[in-house]
Amino acid sequence: MLRFLCSFAALALLVGTLSLEAQVIRISYAETPGSDFGRHHVNPASENTVVEVKMPSLRIKQSGLLTSRLSRKEVERWKAMERRILATDADGRWLHPTLYELWDWAEHSGHQVYLEFQAGYTIPNSTAGSFNIERFDPSGKRHTAVLKLCFTNIDQAVSGPHVARPNGFIPFSELQREERYLEVLSHELAHVKHVLGSLLRTYLVQKLVEDTNDLLLLLTRNKPIGLLEAELKARISQRDTLLRELEDQAEQAEEIVWQELVAGRKARTELLTATYSRRR
């Protein structure tokens, strides 16, 4: 029972503040000498016993890249990805400086970016990752968004000259499995910074992308949307123009990170080789 009382008290404090320093919780109960456990006695000679439980300081992360929607196994997977993001060379320099900068911005932007990992295949099955806005904050201080990674699709994605982009860049070329995940992550983090870093751009994404997609979803369900056909076509055209601009920016960042991933692997290999040689 004491354990239950302490947990309940801690929960009450947690809901009340969300950010706590160390707390001392005092719980008192009447203890009657010689009484049997579970029986209630009225005895003026009963003694009051005070139990003090020191609760550790609790801090709940309220912004940045949030893992509350991930399973325990998925959280461990994310931590492994973060270790690669934070990797440095022998001189303490970031192996992937652009990737680190994108991660750092999202982590300390003040916005809420929930991570979600897609299990199995998605529809369309070519989707490697996505970024969506869940709640627009008119003040621009704390938008809520979702960054989703689809690992199965990334694993199955083909790479080669036939999927080269117009500038010749070939996604995933020369990359190992975990490095592929980081390339996709960099693309979505570029969206996070580019979109959430501008109040106007966030508003446009919410209105032209998210809301237009919702209207199209209603149409597939044969529900009225209150727009004429010409108005809907104009809206779709505006959405697609914005999406092309957003994708161009994210692909530029992705290509830079791809270069860092390839160079970083070579740097790690050289470091391991040098370390092994010194030990011989």
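The values are calculated or read from the model by the stated rules, or taken from the named source; none is laboratory data. Since this is a predicted model, take the numbers as computed values, not measurements. Using ideal geometry, Cβ is built from the backbone for each residue, glycine included, and neighbour counts are taken over all protein chains shown.
Please identify the pairs in which a residue from the range 209-224 that is among the hydroxyl-bearing types (S, T, Y) has its Cβ atom under 7 Å from the Cβ atom of a residue that is part of a helix (DSSP H, G or I), counting only partners at least 6 apart or on another chain.
Sorted first by the residue in the range 209-224, then by its partner, the pairs are T212/R235; T212/I236; T212/R239.
Could we say that T98 is without any contact (Cβ under 8 Å) to a residue 60 or more places away in the chain, under 18 Å from Y181 (Cβ atoms), surrounded by 13 or more Cβ atoms within 10 Å (Cβ to Cβ) and among the hydroxyl-bearing types (S, T, Y) here?
No; evaluated as a whole, the condition is false for this residue.
List, please: which pairs have Cβ atoms under 7 Å, are six or more places apart or on different chains, and start with a residue in the range 128-141 that is exposed (fewer than 13 other Cβ atoms within 10 Å of the Cβ) and end with one that is of a type outside the set (S, T, Y) and in a loop (DSSP other than H, G, I, E, B)?
Partner pairs satisfying both residue conditions: R135/H143; K141/G110.
Of all residues in the range 79-123, count the ones that are at pLDDT 95 or above, more than 25 Å from K266 (Cβ to Cβ) and not hydroxyl-bearing (S, T, Y).
Number of matching residues: 11.
For (1) outside any helix (DSSP H, G or I); (2) of a type outside the set (V, I, T); (3) in contact with a Cys (Cβ under 7 Å, 6 or more places away or on another chain), each residue gets a yes or a no:
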site: V205; (1), (2), (3): no, no, no
site: T212; (1), (2), (3): no, no, no
site: L217; (1), (2), (3): no, yes, no
site: K223; (1), (2), (3): yes, yes, no
site: L232; (1), (2), (3): no, yes, no
site: Q238; (1), (2), (3): no, yes, no
site: L242; (1), (2), (3): no, yes, no
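Mind counting the residues in the range 183-239 that are aromatic (F, W, Y) and farther than 26 Å from Q249 by Cβ?
Going through the range 183-239 one residue at a time, the tally reaches 0.
Residue-by-condition table, conditions (1) part of a loop (DSSP other than H, G, I, E, B); (2) touching a strand residue (DSSP E or B) at 6+ places or on another chain (Cβ under 6 Å); (3) of a type in the set (S, T, N, Q):
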| position | (1), (2), (3) |
| --- | --- |
| Y114 | no, yes, no |
| D155 | no, no, no |
| V158 | yes, no, no |
| H162 | no, no, no |
| G168 | yes, no, no |
| E179 | no, no, no |
| E183 | no, no, no |
| A190 | no, no, no |
| K193 | no, no, no |
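I want to confirm something. Restricting to the range 101-125 and keeping residues that are loosely packed, with under 15 Cβ neighbours inside 10 Å and small (G, A, S), which single residue is nearest to R135 (Cα to Cα)?
Checked the range 101-125; the qualifying residue nearest to R135 (Cα to Cα) is G110.
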